[in-house]
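The values are calculated or read from the model by the stated rules, or taken from the named source; none is laboratory data. It should be emphasised that the depicted structure is a prediction, and the values quoted were computed from it without experimental measurement. Virtual Cβ from ideal backbone geometry, glycine too; neighbours counted across all protein chains shown. Surface areas here come from the heavy atoms of the whole protein model, side chains and all, with no ligands, DNA or RNA. Shrake-Rupley method; radii C 1.70, N 1.55, O 1.52, S 1.80 Å.
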Amino acid sequence: MNRTTRTRISNLRDDAFGRIRAAVGEKGWTADPAEMAPRLRDERGLYEGRAGMLVRPANTAETAAVVALCHEAGVPIVPQGGNTGLVGGATPDTDFAGIVLATGRMNRLRAVDAVNNTLTAEAGCILADLQRAAAGHDRLFPLSLGAEGTCQIGGNLSTNAGGTAVLRYGNARELVLGLEVVLPNGEIWEGLRALRKDNTGYALRHLFVGAEGTLGIITAAVLKLFPLPRDRQTALAAVPSPAAAVSLLGRLQAATGEAVTGYELMGRLPVEMALRRIAGTGDPFPGSTYPQYVLIELSGQGAEGTLKAPLEDTLAAAQEKGEVLDAVIAASTAQARAFWKLRESITEAQKFEGASIKHDVAVPVSRVAEFIVAATAACERALPGVRVVAFGHVGDGNIHFNLSEPLAGWTRERYLGEWERMNRLVHDMVMAMGGTFSAEHGIGRLKKAELARYRSPVELATMRALKTALDPKGIMNPGRIL
Ligand code: FAD
Ligand code: MLT
Ligand code: ZN
């Protein structure tokens, strides 16, 4: 690019920035480095970037105006919600000259229709606020994950978030009926339909769910609600092995069917990390250590306590067979919360335990145990001293197979240098088992090479064709996913 062209592009950009500032008003933008800093690095501390401006539109019309101006001037946009994503999708590159568009000010709950069991919310609504709003109408919005106090529904939909209730209610994709989206040219697609049946051509909403901001900006969504469970039983069981955990899941499903709402596995090491690092966590079996733990949640519409007897009976039957070593059923809501706190503290705790090479993988539930055992052995052989932190949503086959730096003898840089080798080992194994190398966190920036490696040319070309059709100028979250 010669100097004249560079100057022309820079003038165009400055002009667009001025018009964007006018479109969103004083409260809608900042270029203050201190205010922008937390928006320019990712949750895991893997990436840090830059941007010309942070733009915070107050509503869909402002968002559309900003995107139209960016489209016209070729200014790239990184959409951002709560910035809790784990694959660097919301963090701009170091040479990024466009804008970060944060959705946090678009946080109105537009409607709750308790008869239709739906809720209409703007993209910037915090997930936990939506759960509370639904509960206020005696309804459940079931999407649930460790970052729910910070992440936003627009981000949840854009990453097709999973979390801890997928087993019963599905992931974010299955919870959305309609969307409002600002397309890359600034047009608004008004698709806020609240219908459970609607076969009118392509289901466009599914294009934007899981698109990680590369196809447009989700500004609002119609979400499914469910009856608020009347009975909830939470238990922690200590089990001898991942195989025993999977077998116990089958027993619980046979005994209580759909009532199995959450089923989370935790190895001893992640439990120890949470106990060691996070205040307010407690060992459910003080004085005893067990190889694996499962956090079980049953819920249903029967009277309070209905599910307790089948839970106790199933745990007792499994204990007789040696599949359960010890178990405790929460006697109060506070105790149930304490069990969940232990589980949900693992990600945060791991941050204090040195560098981590994460694998967010899934295999069929029938192969979960085989995967954990084989991958643990292979990683320990390949990198002596590595600490395998395996935990997660075993009920739906999704394991967080994270590898923490050995306790001694490594620097962060040298350890992270093993990233590619360990990825290959784990991901090849997962793929050979009919699994996936990204179950719920998405591709973002971190897993682009994995996508290119493991998905077929036909699949990749189809994705590229979609991207080009919707965003021919390539301004929406450039360089992410593809
Ligand atoms: P961001 O991080 O801001 O953005 C994520 C991606 O979506 C980016 O590519 C961004 O450009 C795009 N985006 C954001 N908003 C929009 C929008 N309105 N329109 C278009 N694109 C947009 N994830 C799970 O799936 N399951 C878990 O169990 C889980 N547990 C977690 C626990 C912890 C402690 C943490 C820190 C993270 C966890 N995550 C989990 C990851 C993360 O919380 C989810 O990916 C979440 O859905 C991201 O939401 P966000 O608002 O923070 O999005
Ligand atoms: C979780 O389920 O806690 C997160 O998705 C996992 C992670 O930190 O890898
Ligand atoms: Zn998870």
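Structure data summary
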{"item": "Tabulated pairs, the range 314-336, first under 17 Å from Glu297 (Cα atoms), second surrounded by 19 or more Cβ atoms within 10 Å (Cβ to Cβ) and modelled with pLDDT under 95, C-beta under 8 angstrom, 6+ apart or interchain", "result": "Val328/Pro284"}
{"item": "Criterion: more than 23 Å from the chain's Cα centre (by Cα) and either among the small types (Gly, Ala, Ser) or within 30 Å of Thr214 (Cβ to Cβ) (or both) - qualifying residue of Ala449, Ala439, Ala377, Ala390", "result": "Ala377"}
{"item": "Enumeration of residues in the range 126-135 that are under 20 Å from Gly85 (Cβ atoms) and open to solvent by 30 Å² or more (accessible area, probe 1.4 Å)", "result": "Ile126, Asp129, Gln131"}
{"item": "Residue among Arg168, Arg108 that is more than 16 Å from ligand 3 (Cβ to nearest atom) and open to solvent by 10 Å² or more (accessible area, probe 1.4 Å)", "result": "Arg108"}
{"item": "Members of the range 425-437 that are among the small types (Gly, Ala, Ser) and either crowded, with 19+ Cβ neighbours inside 10 Å or part of a helix (DSSP H, G or I) (or both)", "result": "Ala432, Gly435"}
{"item": "Qualifying position, being more than 16 Å from ligand 1 (Cβ to nearest atom), surrounded by 14 or more Cβ atoms within 10 Å (Cβ to Cβ) and small (Gly, Ala, Ser), among Ala382, Ala449, Ala377, Ala390", "result": "Ala382"}
{"item": "Among the residues listed as Asp95, Asp113, Asp138, the single one being of a type in the set (D, E, K, R), open to solvent by 20 Å² or more (accessible area, probe 1.4 Å) and on the phi > 0 side of the Ramachandran plot", "result": "Asp138"}
{"item": "Identity of the residue in the range 141-165, assigned to a helix (DSSP H, G or I) and polar (S, T, N, Q), that ends up least open to solvent (accessible area, probe 1.4 Å)", "result": "Asn156"}
{"item": "Which numbered condition Met422 misses (of (1) touching a Lys or Arg at 6+ places or on another chain (Cβ under 9 Å); (2) open to solvent by less than 40 Å² (accessible area, probe 1.4 Å))", "result": "(1)"}
{"item": "Test: residue in the range 174-185 that is crowded, with 17+ Cβ neighbours inside 10 Å and either part of a helix (DSSP H, G or I) or within 16 Å of ligand 3 (Cβ to nearest atom) (or both)", "result": "yes"}
{"item": "Some residue of the range 44-67 being within 30 Å of Pro227 (Cβ to Cβ), among the hydrophobic types (A, V, I, L, M, F, W, C) and open to solvent by 30 Å² or more (accessible area, probe 1.4 Å)", "result": "no"}
{"item": "Subset of the range 393-418 [under 25 Å from Pro364 (Cα atoms) and more than 16 Å from ligand 1 (Cβ to nearest atom)]", "result": "Leu403"}
{"item": "Among residues of the range 186-231, those that are in a loop (DSSP other than H, G, I, E, B) and either under 15 Å from Arg480 (Cβ atoms) or of a type in the set (D, E, K, R) (or both), counted", "result": "13"}
